[in-house]
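One structure is given below, encoded as structure tokens.
Bear in mind these aren't lab numbers, they're just calculated from the coordinates by the rules spelled out. No experiment lies behind these values; they were computed from the predicted model shown. Don't worry about glycine lacking a Cβ; one is built from the backbone with ideal geometry, like all the others, and counts go over all protein chains shown.
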Amino acid sequence: MMKKDKSFWLILVVFSLTGQVAWVVENMYFNVFIYKMFRASPGDISLMVGASAVAATLTTVLMGALSDRLGKRRLFMWAGYVAWGLSILSFALIRTDVISAAFGTAVNASAVCISLVVIMDCVMTFFGSSANDAAFNAWVTDSTTPENRGAAEGINSMMPLVAILVVFGGFMGFDLDKAESWTAIYVIIGVTVLLIGVMGFFLIREPQVPGRDELGYFGTLFYGFRPDVIRANLSLYSTLAGFMVFGIAIQVYMPYLIIYYEKGLGMSDYVLILAPAIILAAAATAFYGRLIDRFGYERTVLPALLMLLVGFALLWLIPGVIPAEGLAMKIPVFIGSLLMMSGYLCGMAVFGTRIRNLTPEHKAGRFQGLRIIAQVLIPGVIGPVIGAAVLADAEMIANDDGTS
């Protein structure tokens, strides 16, 4: 059985981690890239982020349904990762000197580069979401059973934060004010993703998915939005709704987390606290996944949410009751960060496992769009708006570069 095969766990770890590393580079480095290299405005950055989010959602809906229709996961995964890697490599060519050499001085090279980054970000997102969000996530559901999905989802859920450590640790020595550094970053990530795709061609096993049925492509595409399907799977849709609320809570604070450590808590060495907290939280999530398999959703969801709540409460209370100096501050901040990160990752694993268990058999692809709407799109829109509203009257702090 595939669920017992070591190659499954290898593919799970490698494809999940590599995909998340690529997403971290996009989500956390692209903004820095177009600002430092081309002096992009906040409007340019907002356009890029918004366009990418829409592209990711539409791609997952469309390609998830297509993978169901064709009965293929393996092809979308390995070929998608190869195309994803090639699209990342293309960013190494988006440089003002390359554009000027190609089109001459008559064009505004920086403006052209910004436009190219926005366009290629959407292209890259198409390949990445096809391979990872649509096909890989459906493949995990098809390749596991209710007896081991918690363990698989525990590993899958911890990868986003592990990827942050990998990217920050791997690229912290690069000078991001130099175009050569960005070229190296894109070549390293692009080649890695491409090679993982090639590896997948040889290692990925195709799960048994029926493929074509009487619905046709558009019937498959809109299957998860049909009222009769919703009525027949109320537990699945209520879990997606709960996952959405959970995601909104995460997105309220996540965009401001580093700013809170730096400005709110006055900690310049917050990495020394966050890094071990993330590592321990990731390990806890891998263990928690096995508890999910053993005890089920009902007995594991509340402890995960409680860890998150206690972590929130500690980080909220610390500035008012503890002096901002020495171990008296750092120890409770570490404990609060550890609980917050553990609750976040374990909560992701609990909801993810529940959604996989409730997804109708052999129909995982057509439900991946709904998952990304609940997990990414709606929380990514509503959460930051709530955070911004909370901070509307916050103290303004001047930075060294004149911004505030």
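Shape class for region 222-307, computed from the alpha carbon gyration tensor (a ≥ b ≥ c): oblate, with a/c not under 1.5 and a/b at or below b/c.
Suppose every Lys and Arg Cβ carries +1 and every Asp and Glu Cβ carries -1, with no other charges. What dipole size does the chain come out with about its Cα centre, to the nearest 20 debye? Working shown, then result.
Numbers: 26 positive and 27 negative charges, 272 e Å.
Its charge dipole is roughly 1300 debye.
Under the membrane-span-like helix rule (DSSP H runs whose alpha carbons stretch at least 20 Å along the helix axis, mean Kyte-Doolittle hydropathy -1.0 or higher), the chain yields 6-24, 42-70, 74-90, 109-128, 149-171, 179-203, 234-253, 271-295, 297-321, 326-358.
If one computes P(r) from the Cα atoms of region 1-130, what percent of pairs lie at distances over 27 Å?
Details: 2463 of 8385 pairs.
Everything past 27 Å amounts to 29 percent.
Rounded to the nearest 0.05, the FRET efficiency derived from the C-beta distance between residue 395 and residue 238 at R0 = 45 Å is 0.65.
Taking the mean number of other Cβ atoms within 10 Å as a proxy for protection, how do you rank 136-142, 238-244 from highest to lowest?
Details: 136-142: 25.1, 238-244: 18.0.
Highest-to-lowest ranking by the protection proxy: 136-142, 238-244.
Past the 23 Å Cα-Cα mark, which pairs from 72/363; 36/330; 178/263? Correct reply: 36/330; 178/263. Taking a point 7 Å from the Cα of residue 51 along the Cα-to-Cβ direction, the residues of region 66-102 with backbone N closer than 18 Å to it are 87-96, 99.
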